[in-house]
Amino acid sequence: MRDSIQQLALFGGRPAFSENRRVGRPNTGDRERFLERMNQVLDNEWLSNMGPMMYEFEARVAELAQVRHCVSLCNATVALQLLVGDLATGGAPGDEVIVPSLTFPATAHAVKWRGLTPVFCDVDPVTGLIDPEQVEALITDRTRAIIGVHLWGQVCDVARLEKIAESYGLRLYFDAAPALGCSYGDVPVGGLGHAEVFSFHATKIVNSFEGGAIVTDDDALAERMRAERNFGFGKDGTVQAVGTNGKLSEAAAAMGLTSLEGLDATIARNRTNYEQYRSALTGIPGVTVLEFEGPNRNNHHYMMVNVVAGAAGLHRDVLLDVLRAENILAQPYFSQVMQQMTPYIGAPPVRLPRSEELCGQLLALPTGPQVDTDDILLIGEVIRTAVAYGHEVTARRRLRPAVGLAT
Ligand code: T4K
(Lines give C-alpha, C1' and ligand atoms only; values in the text may rest on other atoms or scores of the structure.)
Protein backbone atom coordinates (compact mmCIF):
# COMPACT_ATOMS: atom_id res chain seq x y z
CA MET A 1 0.00 0.00 0.00
CA ARG A 2 1.13 3.49 -0.78
CA ASP A 3 1.32 4.67 2.81
CA SER A 4 1.66 8.39 2.43
CA ILE A 5 -0.06 11.04 0.41
CA GLN A 6 3.32 12.00 -1.15
CA GLN A 7 3.38 8.65 -2.91
CA LEU A 8 0.41 9.67 -5.01
CA ALA A 9 1.57 10.99 -8.39
CA LEU A 10 -0.72 14.01 -8.00
CA PHE A 11 1.57 15.13 -5.17
CA GLY A 12 4.92 14.21 -6.72
CA GLY A 13 5.07 10.41 -6.40
CA ARG A 14 5.99 8.13 -9.31
CA PRO A 15 2.95 7.33 -11.48
CA ALA A 16 1.56 3.82 -10.98
CA PHE A 17 1.70 3.19 -14.74
CA SER A 18 4.23 4.32 -17.31
CA GLU A 19 1.72 3.63 -20.12
CA ASN A 20 -1.83 4.68 -19.65
CA ARG A 21 -4.64 2.30 -18.74
CA ARG A 22 -7.76 3.78 -20.21
CA VAL A 23 -11.46 3.37 -20.64
CA GLY A 24 -12.58 2.85 -24.22
CA ARG A 25 -9.48 1.14 -25.61
CA PRO A 26 -10.69 -0.53 -28.81
CA ASN A 27 -11.22 -4.29 -29.06
CA THR A 28 -9.78 -4.76 -32.53
CA GLY A 29 -9.51 -8.57 -32.51
CA ASP A 30 -7.04 -10.63 -34.52
CA ARG A 31 -4.98 -8.23 -36.63
CA GLU A 32 -4.01 -10.83 -39.26
CA ARG A 33 -7.65 -11.76 -39.75
CA PHE A 34 -8.57 -8.09 -40.15
CA LEU A 35 -5.82 -7.52 -42.71
CA GLU A 36 -6.95 -10.62 -44.62
CA ARG A 37 -10.44 -9.18 -44.73
CA MET A 38 -9.11 -5.82 -45.88
CA ASN A 39 -7.20 -7.55 -48.69
CA GLN A 40 -10.45 -9.20 -49.66
CA VAL A 41 -12.21 -5.82 -49.70
CA LEU A 42 -9.49 -4.39 -51.96
CA ASP A 43 -9.56 -7.46 -54.22
CA ASN A 44 -13.34 -7.17 -54.49
CA GLU A 45 -12.98 -3.55 -55.54
CA TRP A 46 -16.22 -3.02 -53.68
CA LEU A 47 -15.74 -0.53 -50.87
CA SER A 48 -19.21 0.58 -49.89
CA ASN A 49 -22.90 0.49 -50.95
CA MET A 50 -24.11 -2.75 -49.42
CA GLY A 51 -21.12 -4.98 -50.07
CA PRO A 52 -20.58 -8.61 -49.02
CA MET A 53 -18.77 -7.74 -45.76
CA MET A 54 -21.65 -5.51 -44.70
CA TYR A 55 -24.19 -8.26 -45.34
CA GLU A 56 -22.05 -10.79 -43.47
CA PHE A 57 -21.71 -8.43 -40.52
CA GLU A 58 -25.46 -7.82 -40.46
CA ALA A 59 -26.14 -11.57 -40.52
CA ARG A 60 -23.78 -12.16 -37.58
CA VAL A 61 -25.29 -9.37 -35.50
CA ALA A 62 -28.85 -10.51 -36.25
CA GLU A 63 -27.89 -14.05 -35.24
CA LEU A 64 -26.34 -12.86 -31.98
CA ALA A 65 -29.36 -10.70 -31.14
CA GLN A 66 -31.76 -13.41 -32.36
CA VAL A 67 -33.72 -10.99 -34.52
CA ARG A 68 -34.87 -11.13 -38.12
CA HIS A 69 -33.28 -7.86 -39.20
CA CYS A 70 -30.07 -5.99 -38.62
CA VAL A 71 -29.86 -2.78 -40.62
CA SER A 72 -26.27 -1.62 -40.31
CA LEU A 73 -25.50 2.09 -40.32
CA CYS A 74 -22.51 4.42 -40.27
CA ASN A 75 -23.02 5.07 -36.55
CA ALA A 76 -25.64 4.70 -33.81
CA THR A 77 -26.55 8.39 -33.89
CA VAL A 78 -27.76 8.10 -37.48
CA ALA A 79 -29.52 4.86 -36.50
CA LEU A 80 -31.41 6.72 -33.77
CA GLN A 81 -32.20 9.57 -36.14
CA LEU A 82 -33.71 7.18 -38.67
CA LEU A 83 -35.73 5.38 -36.02
CA VAL A 84 -37.09 8.59 -34.56
CA GLY A 85 -37.69 9.94 -38.06
CA ASP A 86 -39.91 6.95 -38.72
CA LEU A 87 -41.94 8.04 -35.72
CA ALA A 88 -42.10 11.62 -36.97
CA THR A 89 -43.74 10.50 -40.22
CA GLY A 90 -47.41 11.24 -39.76
CA GLY A 91 -46.74 13.01 -36.48
CA ALA A 92 -47.05 16.67 -35.56
CA PRO A 93 -44.47 19.25 -34.46
CA GLY A 94 -44.19 19.18 -30.70
CA ASP A 95 -44.79 15.45 -30.44
CA GLU A 96 -42.89 14.11 -27.48
CA VAL A 97 -40.51 11.25 -26.85
CA ILE A 98 -39.58 10.28 -23.30
CA VAL A 99 -35.85 9.70 -22.82
CA PRO A 100 -33.72 9.29 -19.69
CA SER A 101 -31.91 12.34 -18.37
CA LEU A 102 -28.79 10.26 -17.78
CA THR A 103 -27.51 9.20 -21.19
CA PHE A 104 -25.10 10.15 -23.96
CA PRO A 105 -26.43 13.23 -25.81
CA ALA A 106 -27.03 11.22 -29.01
CA THR A 107 -30.24 9.72 -27.58
CA ALA A 108 -31.98 13.05 -27.09
CA HIS A 109 -30.29 14.81 -30.00
CA ALA A 110 -31.84 12.30 -32.40
CA VAL A 111 -35.28 13.28 -31.12
CA LYS A 112 -34.62 17.01 -31.35
CA TRP A 113 -32.87 16.64 -34.72
CA ARG A 114 -36.03 15.11 -36.18
CA GLY A 115 -38.23 17.92 -34.87
CA LEU A 116 -39.75 16.11 -31.92
CA THR A 117 -39.43 17.13 -28.28
CA PRO A 118 -37.35 15.05 -25.89
CA VAL A 119 -38.94 14.88 -22.44
CA PHE A 120 -36.37 13.99 -19.81
CA CYS A 121 -37.17 11.35 -17.26
CA ASP A 122 -35.43 10.70 -13.96
CA VAL A 123 -33.69 7.42 -13.30
CA ASP A 124 -33.47 4.67 -10.76
CA PRO A 125 -31.21 5.92 -7.94
CA VAL A 126 -29.10 2.76 -7.93
CA THR A 127 -28.88 1.53 -11.54
CA GLY A 128 -29.21 4.90 -13.28
CA LEU A 129 -31.71 3.35 -15.72
CA ILE A 130 -34.92 5.08 -16.80
CA ASP A 131 -37.54 4.74 -14.06
CA PRO A 132 -40.83 3.33 -15.43
CA GLU A 133 -42.87 5.02 -12.69
CA GLN A 134 -41.51 8.42 -13.72
CA VAL A 135 -42.08 7.55 -17.38
CA GLU A 136 -45.76 6.99 -16.75
CA ALA A 137 -46.05 10.31 -14.92
CA LEU A 138 -44.64 12.14 -17.96
CA ILE A 139 -47.04 10.74 -20.56
CA THR A 140 -49.28 13.34 -22.23
CA ASP A 141 -51.51 13.24 -25.29
CA ARG A 142 -48.46 14.33 -27.31
CA THR A 143 -46.26 11.41 -26.25
CA ARG A 144 -45.37 9.14 -29.17
CA ALA A 145 -42.60 6.95 -27.84
CA ILE A 146 -40.31 5.93 -25.03
CA ILE A 147 -36.59 5.35 -25.58
CA GLY A 148 -34.94 3.37 -22.78
CA VAL A 149 -31.14 3.21 -22.64
CA HIS A 150 -29.37 0.06 -21.43
CA LEU A 151 -26.64 1.96 -19.62
CA TRP A 152 -23.34 0.21 -18.94
CA GLY A 153 -24.75 -3.11 -20.11
CA GLN A 154 -27.57 -3.10 -17.59
CA VAL A 155 -30.91 -3.83 -19.23
CA CYS A 156 -33.89 -1.54 -18.60
CA ASP A 157 -37.00 -2.76 -16.80
CA VAL A 158 -38.39 -4.02 -20.09
CA ALA A 159 -41.52 -5.71 -18.72
CA ARG A 160 -42.79 -2.56 -17.06
CA LEU A 161 -41.89 -0.32 -19.97
CA GLU A 162 -43.62 -2.69 -22.40
CA LYS A 163 -46.73 -2.65 -20.29
CA ILE A 164 -46.78 1.15 -20.19
CA ALA A 165 -46.09 1.44 -23.94
CA GLU A 166 -48.86 -1.00 -24.71
CA SER A 167 -51.46 0.59 -22.48
CA TYR A 168 -50.82 4.11 -23.88
CA GLY A 169 -50.28 2.98 -27.49
CA LEU A 170 -46.66 4.19 -27.63
CA ARG A 171 -43.65 2.92 -29.54
CA LEU A 172 -40.92 1.49 -27.35
CA TYR A 173 -37.33 1.69 -28.55
CA PHE A 174 -34.10 0.91 -26.78
CA ASP A 175 -30.82 2.69 -27.24
CA ALA A 176 -28.65 -0.38 -26.73
CA ALA A 177 -25.46 1.38 -27.82
CA PRO A 178 -23.40 -0.09 -24.94
CA ALA A 179 -25.23 -3.42 -24.64
CA LEU A 180 -24.25 -5.83 -27.41
CA GLY A 181 -23.86 -9.29 -25.86
CA CYS A 182 -26.15 -8.52 -22.92
CA SER A 183 -29.48 -10.17 -22.24
CA TYR A 184 -32.77 -9.62 -20.48
CA GLY A 185 -33.25 -12.94 -18.76
CA ASP A 186 -32.72 -15.34 -21.67
CA VAL A 187 -33.61 -12.80 -24.35
CA PRO A 188 -30.56 -11.25 -26.00
CA VAL A 189 -30.54 -7.46 -26.17
CA GLY A 190 -31.59 -6.57 -29.71
CA GLY A 191 -34.99 -8.25 -29.59
CA LEU A 192 -36.60 -5.98 -26.99
CA GLY A 193 -39.31 -3.38 -27.64
CA HIS A 194 -40.17 -2.45 -31.24
CA ALA A 195 -36.54 -1.92 -32.20
CA GLU A 196 -33.13 -1.43 -30.64
CA VAL A 197 -29.99 0.43 -31.68
CA PHE A 198 -26.42 -0.81 -31.27
CA SER A 199 -23.27 1.27 -31.55
CA PHE A 200 -20.06 -0.13 -33.02
CA HIS A 201 -18.03 2.96 -32.21
CA ALA A 202 -14.29 2.45 -31.56
CA THR A 203 -14.91 2.55 -27.80
CA LYS A 204 -17.71 -0.04 -27.74
CA ILE A 205 -17.34 -3.73 -26.91
CA VAL A 206 -17.46 -4.55 -30.62
CA ASN A 207 -16.25 -1.85 -32.97
CA SER A 208 -16.31 -1.17 -36.67
CA PHE A 209 -14.24 2.03 -36.25
CA GLU A 210 -17.55 3.88 -36.52
CA GLY A 211 -20.80 2.01 -36.96
CA GLY A 212 -24.24 1.25 -35.67
CA ALA A 213 -27.33 -0.80 -36.40
CA ILE A 214 -31.08 -0.92 -35.99
CA VAL A 215 -32.18 -4.40 -35.00
CA THR A 216 -35.82 -5.44 -35.11
CA ASP A 217 -38.31 -8.17 -35.91
CA ASP A 218 -40.54 -5.66 -37.69
CA ASP A 219 -40.23 -6.47 -41.43
CA ALA A 220 -41.84 -3.24 -42.67
CA LEU A 221 -39.75 -1.04 -40.36
CA ALA A 222 -36.55 -2.78 -41.47
CA GLU A 223 -37.43 -2.23 -45.12
CA ARG A 224 -38.07 1.47 -44.54
CA MET A 225 -34.80 1.83 -42.60
CA ARG A 226 -32.86 0.04 -45.39
CA ALA A 227 -34.27 2.44 -47.95
CA GLU A 228 -33.67 5.51 -45.81
CA ARG A 229 -30.02 4.69 -45.11
CA ASN A 230 -29.51 4.71 -48.90
CA PHE A 231 -31.02 8.04 -49.99
CA GLY A 232 -34.53 6.56 -49.88
CA PHE A 233 -33.99 4.10 -52.75
CA GLY A 234 -36.47 1.25 -52.42
CA LYS A 235 -36.02 -2.33 -53.61
CA ASP A 236 -37.15 -1.39 -57.14
CA GLY A 237 -34.43 1.25 -57.45
CA THR A 238 -36.80 4.23 -57.30
CA VAL A 239 -36.75 6.76 -54.48
CA GLN A 240 -39.55 5.98 -52.05
CA ALA A 241 -38.71 8.26 -49.14
CA VAL A 242 -36.53 11.16 -48.02
CA GLY A 243 -33.40 9.29 -47.07
CA THR A 244 -29.87 9.99 -46.07
CA ASN A 245 -26.48 8.38 -46.56
CA GLY A 246 -26.07 6.15 -43.53
CA LYS A 247 -24.31 3.17 -45.10
CA LEU A 248 -21.63 1.12 -43.36
CA SER A 249 -18.47 0.83 -45.46
CA GLU A 250 -16.77 -2.48 -46.25
CA ALA A 251 -13.68 -1.49 -44.24
CA ALA A 252 -15.89 -0.81 -41.25
CA ALA A 253 -17.68 -4.13 -41.69
CA ALA A 254 -14.32 -5.93 -41.95
CA MET A 255 -13.34 -4.50 -38.57
CA GLY A 256 -16.81 -5.23 -37.17
CA LEU A 257 -16.59 -8.89 -38.16
CA THR A 258 -13.11 -9.25 -36.71
CA SER A 259 -13.99 -7.49 -33.47
CA LEU A 260 -17.16 -9.56 -33.15
CA GLU A 261 -15.18 -12.80 -33.36
CA GLY A 262 -13.52 -11.86 -30.07
CA LEU A 263 -16.75 -10.99 -28.25
CA ASP A 264 -17.10 -14.10 -26.07
CA ALA A 265 -13.49 -13.93 -24.93
CA THR A 266 -13.84 -10.20 -24.25
CA ILE A 267 -16.93 -10.70 -22.11
CA ALA A 268 -15.24 -13.52 -20.18
CA ARG A 269 -12.20 -11.31 -19.47
CA ASN A 270 -14.42 -8.37 -18.51
CA ARG A 271 -16.34 -10.58 -16.11
CA THR A 272 -13.11 -11.71 -14.43
CA ASN A 273 -11.94 -8.10 -14.22
CA TYR A 274 -15.25 -7.13 -12.66
CA GLU A 275 -14.87 -9.76 -9.92
CA GLN A 276 -11.28 -8.72 -9.30
CA TYR A 277 -12.19 -5.07 -9.05
CA ARG A 278 -14.95 -5.98 -6.62
CA SER A 279 -12.48 -7.60 -4.28
CA ALA A 280 -9.78 -4.93 -4.83
CA LEU A 281 -12.24 -2.19 -3.86
CA THR A 282 -13.92 -3.97 -0.96
CA GLY A 283 -14.27 -1.94 2.21
CA ILE A 284 -13.18 1.41 0.78
CA PRO A 285 -15.52 3.93 2.42
CA GLY A 286 -17.81 5.71 -0.03
CA VAL A 287 -16.66 3.67 -3.05
CA THR A 288 -19.20 1.16 -4.34
CA VAL A 289 -19.05 -1.03 -7.39
CA LEU A 290 -22.34 -1.00 -9.35
CA GLU A 291 -23.86 -4.44 -8.79
CA PHE A 292 -24.49 -6.27 -12.06
CA GLU A 293 -25.83 -9.50 -10.58
CA GLY A 294 -29.29 -10.95 -11.23
CA PRO A 295 -31.04 -12.73 -14.07
CA ASN A 296 -29.77 -10.41 -16.82
CA ARG A 297 -26.41 -10.86 -18.50
CA ASN A 298 -24.07 -7.87 -18.60
CA ASN A 299 -21.14 -7.63 -21.05
CA HIS A 300 -19.14 -5.83 -18.30
CA HIS A 301 -17.67 -3.49 -20.87
CA TYR A 302 -17.96 -0.67 -18.32
CA MET A 303 -16.51 -1.02 -14.83
CA MET A 304 -18.73 1.42 -12.97
CA VAL A 305 -18.03 2.75 -9.50
CA ASN A 306 -20.11 5.14 -7.40
CA VAL A 307 -18.10 7.60 -5.31
CA VAL A 308 -20.06 9.25 -2.50
CA ALA A 309 -17.98 12.23 -1.43
CA GLY A 310 -19.35 12.52 2.11
CA ALA A 311 -18.21 8.99 2.94
CA ALA A 312 -15.05 8.86 0.82
CA GLY A 313 -13.71 12.23 1.97
CA LEU A 314 -13.12 13.24 -1.62
CA HIS A 315 -15.33 14.03 -4.59
CA ARG A 316 -15.44 11.83 -7.70
CA ASP A 317 -13.73 14.61 -9.69
CA VAL A 318 -10.87 14.79 -7.19
CA LEU A 319 -10.46 11.03 -7.45
CA LEU A 320 -10.42 11.38 -11.24
CA ASP A 321 -7.51 13.81 -10.95
CA VAL A 322 -5.67 11.44 -8.61
CA LEU A 323 -6.16 8.57 -11.06
CA ARG A 324 -5.20 10.56 -14.14
CA ALA A 325 -1.94 11.62 -12.53
CA GLU A 326 -1.21 7.88 -12.14
CA ASN A 327 -1.91 7.36 -15.89
CA ILE A 328 -5.21 5.69 -15.04
CA LEU A 329 -7.58 7.36 -17.49
CA ALA A 330 -10.92 6.79 -15.81
CA GLN A 331 -13.98 8.58 -17.21
CA PRO A 332 -17.06 10.17 -15.65
CA TYR A 333 -20.20 8.67 -17.20
CA PHE A 334 -21.72 11.03 -17.94
CA SER A 335 -20.21 14.48 -17.60
CA GLN A 336 -23.58 16.28 -17.74
CA VAL A 337 -27.23 15.34 -17.40
CA MET A 338 -29.33 16.10 -20.46
CA GLN A 339 -31.49 18.82 -18.90
CA GLN A 340 -28.39 20.84 -18.02
CA MET A 341 -26.94 20.84 -21.55
CA THR A 342 -27.26 24.20 -23.28
CA PRO A 343 -29.79 23.16 -25.97
CA TYR A 344 -32.09 21.65 -23.36
CA ILE A 345 -32.05 24.09 -20.45
CA GLY A 346 -35.69 24.87 -19.77
CA ALA A 347 -37.30 27.91 -18.18
CA PRO A 348 -37.66 27.19 -15.35
CA PRO A 349 -34.87 24.58 -15.38
CA VAL A 350 -35.99 20.98 -14.96
CA ARG A 351 -34.63 19.31 -11.81
CA LEU A 352 -34.23 15.54 -11.87
CA PRO A 353 -32.38 14.94 -8.60
CA ARG A 354 -31.49 11.28 -8.91
CA SER A 355 -29.83 11.62 -12.28
CA GLU A 356 -28.06 14.80 -11.16
CA GLU A 357 -26.69 13.05 -8.09
CA LEU A 358 -25.51 9.95 -9.96
CA CYS A 359 -23.99 12.05 -12.72
CA GLY A 360 -21.69 13.66 -10.16
CA GLN A 361 -20.71 10.37 -8.57
CA LEU A 362 -20.24 7.71 -11.25
CA LEU A 363 -16.88 6.80 -12.61
CA ALA A 364 -15.80 4.19 -15.19
CA LEU A 365 -12.50 2.43 -14.50
CA PRO A 366 -10.36 0.84 -17.23
CA THR A 367 -11.25 -2.74 -18.11
CA GLY A 368 -11.16 -5.01 -21.16
CA PRO A 369 -8.72 -7.66 -22.38
CA GLN A 370 -5.72 -5.33 -22.06
CA VAL A 371 -6.27 -4.86 -18.28
CA ASP A 372 -4.89 -7.64 -16.09
CA THR A 373 -4.97 -8.67 -12.43
CA ASP A 374 -1.85 -6.70 -11.49
CA ASP A 375 -3.32 -3.57 -13.06
CA ILE A 376 -6.51 -3.98 -11.06
CA LEU A 377 -4.63 -4.52 -7.80
CA LEU A 378 -2.61 -1.38 -8.44
CA ILE A 379 -5.66 0.68 -9.39
CA GLY A 380 -7.41 -0.58 -6.25
CA GLU A 381 -4.40 0.42 -4.16
CA VAL A 382 -4.34 3.95 -5.60
CA ILE A 383 -8.06 4.39 -4.86
CA ARG A 384 -7.66 2.98 -1.34
CA THR A 385 -4.81 5.38 -0.63
CA ALA A 386 -6.64 8.37 -2.09
CA VAL A 387 -9.66 7.65 0.10
CA ALA A 388 -7.54 6.96 3.20
CA TYR A 389 -6.21 10.51 2.84
CA GLY A 390 -9.44 11.81 1.29
CA HIS A 391 -9.79 15.05 3.22
CA GLU A 392 -6.11 15.88 2.90
CA VAL A 393 -6.13 15.11 -0.83
CA THR A 394 -9.14 17.37 -1.23
CA ALA A 395 -7.57 20.17 0.77
CA ARG A 396 -4.28 20.01 -1.13
CA ARG A 397 -5.83 19.93 -4.55
CA ARG A 398 -7.00 23.30 -5.73
CA LEU A 399 -10.75 22.84 -5.75
CA ARG A 400 -12.91 23.93 -8.62
CA PRO A 401 -16.01 25.66 -7.22
CA ALA A 402 -18.34 22.86 -8.38
CA VAL A 403 -16.45 20.22 -6.44
CA GLY A 404 -17.45 19.81 -2.83
CA LEU A 405 -18.20 17.28 -0.14
CA ALA A 406 -21.90 17.92 0.13
CA THR A 407 -23.16 14.40 -0.60
N1 T4K B 1 -26.27 6.20 -27.24
C2 T4K B 1 -25.46 5.96 -26.21
C3 T4K B 1 -26.03 5.52 -24.92
C4 T4K B 1 -24.07 6.10 -26.36
O5 T4K B 1 -23.25 5.87 -25.33
C6 T4K B 1 -23.55 6.50 -27.62
C7 T4K B 1 -22.14 6.69 -27.81
C8 T4K B 1 -24.46 6.72 -28.67
C9 T4K B 1 -25.81 6.55 -28.45
C10 T4K B 1 -23.99 7.14 -30.03
O11 T4K B 1 -23.21 6.14 -30.63
P12 T4K B 1 -22.27 6.49 -31.94
O13 T4K B 1 -23.03 7.44 -32.80
O14 T4K B 1 -20.99 7.07 -31.42
O15 T4K B 1 -22.10 5.15 -32.62
C16 T4K B 1 -17.43 8.12 -26.65
C17 T4K B 1 -17.89 7.67 -28.01
O18 T4K B 1 -17.51 8.59 -29.04
C19 T4K B 1 -19.35 7.43 -28.11
O20 T4K B 1 -19.54 6.55 -29.20
C21 T4K B 1 -19.89 6.75 -26.87
N22 T4K B 1 -21.33 6.60 -26.87
C23 T4K B 1 -19.51 7.55 -25.65
C24 T4K B 1 -20.04 6.93 -24.38
O25 T4K B 1 -18.10 7.57 -25.57
P26 T4K B 1 -16.33 10.29 -25.77
O27 T4K B 1 -16.51 11.69 -26.16
O28 T4K B 1 -16.39 9.90 -24.33
O29 T4K B 1 -15.00 9.67 -26.42
P30 T4K B 1 -13.50 10.01 -26.08
O31 T4K B 1 -12.86 10.51 -27.34
O32 T4K B 1 -13.42 10.86 -24.85
O33 T4K B 1 -12.88 8.58 -25.78
C34 T4K B 1 -13.27 7.85 -24.64
C35 T4K B 1 -12.14 6.95 -24.23
O36 T4K B 1 -11.83 6.00 -25.25
C37 T4K B 1 -10.82 7.64 -23.92
O38 T4K B 1 -10.24 7.01 -22.80
C39 T4K B 1 -9.96 7.38 -25.15
C40 T4K B 1 -10.45 6.04 -25.63
N41 T4K B 1 -10.35 5.84 -27.08
C42 T4K B 1 -11.21 6.54 -27.89
C43 T4K B 1 -11.14 6.37 -29.25
C44 T4K B 1 -12.08 7.13 -30.17
C45 T4K B 1 -9.39 5.00 -27.59
O46 T4K B 1 -8.60 4.42 -26.84
N47 T4K B 1 -9.35 4.81 -28.95
C48 T4K B 1 -10.19 5.45 -29.81
O49 T4K B 1 -10.12 5.21 -31.04
O50 T4K B 1 -17.45 9.51 -26.58
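The values are calculated or read from the model by the stated rules, or taken from the named source; none is laboratory data. No experiment lies behind these values; they were computed from the predicted model shown. Cβ atoms come from the backbone with ideal geometry, glycine included; neighbour counts cover every protein chain shown.
Could you list all residues from segment 290-331 that are within 16 Å of the ligand (Cβ to nearest atom) and under 16 Å from residue 124 (Cβ atoms)? Within segment 290-331, 290, 298, 304 meet the criteria.
The single residue among 129, 83, 138, 102 that is surrounded by fewer than 19 Cβ atoms within 10 Å (Cβ to Cβ), modelled with pLDDT of 95 or more and under 30 Å from residue 350 (Cβ atoms) turns out to be 138. Considering only residues that are surrounded by fewer than 18 Cβ atoms within 10 Å (Cβ to Cβ) and closer than 18 Å to residue 19 by Cβ, which ones fall in segment 344-377? If the condition is that a residue be surrounded by fewer than 18 Cβ atoms within 10 Å (Cβ to Cβ) and closer than 18 Å to residue 19 by Cβ, then 369, 370, 372, 373, 374, 377 are the ones that fit.
Looking only at segment 180-213, which residues are more than 9 Å from the ligand (Cβ to nearest atom) and of a type in the set (Val, Ile, Thr)?
Going residue by residue through segment 180-213, those that are more than 9 Å from the ligand (Cβ to nearest atom) are 180-196, 205-206, 208, 213.
Once the filter is applied, which keeps residues that are more than 9 Å from the ligand (Cβ to nearest atom) and of a type in the set (Val, Ile, Thr), segment 180-213 yields 187, 189, 205, 206.
Residue 57 - would you say it is within 16 Å of the ligand (Cβ to nearest atom), within 15 Å of residue 200 (Cα to Cα) and assigned to a helix (DSSP H, G or I)? Considered against the rule, which asks whether it is within 16 Å of the ligand (Cβ to nearest atom), within 15 Å of residue 200 (Cα to Cα) and assigned to a helix (DSSP H, G or I), residue 57 comes out as yes. The combined condition, being surrounded by 21 or more Cβ atoms within 10 Å (Cβ to Cβ) and among the β-branched types (Val, Ile, Thr), is fulfilled by residue 287. The single residue among 383, 328 that is in contact (Cβ under 8 Å) with a residue 12 or more places away in the chain, in contact with a Pro (Cβ under 7 Å, 6 or more places away or on another chain), buried (at least 18 other Cβ atoms within 10 Å of the Cβ) and aliphatic (A, V, I, L, M) turns out to be 328. Within segment 132-174, restricting attention to residues that are of a type in the set (Asp, Glu) and more than 16 Å from residue 122 (Cα to Cα), which residue is nearest to the chain's Cα centre (by Cα)? Only one residue tops the list, namely 162.
Residues in segment 115-126 include none that are of a type in the set (Gly, Ala, Ser), surrounded by 23 or more Cβ atoms within 10 Å (Cβ to Cβ), over 16 Å from residue 358 (Cβ atoms) and more than 13 Å from the ligand (Cβ to nearest atom). Annotation: of all residues in segment 64-85 being within 13 Å of the ligand (Cβ to nearest atom) and part of a strand (DSSP E or B), the one that is farthest from residue 243 (Cα to Cα) is 72.
So for segment 241-250 (the condition being farther than 26 Å from residue 44 by Cβ and free of Cβ contacts under 8 Å to residues at least 24 places away in the same chain), does at least one residue qualify?
Taking segment 241-250 as the starting set, the residues that turn out to be farther than 26 Å from residue 44 by Cβ are 241-242.
Okay, now just the ones that are also free of Cβ contacts under 8 Å to residues at least 24 places away in the same chain, so 241-242.
Yes, that holds for at least one residue.
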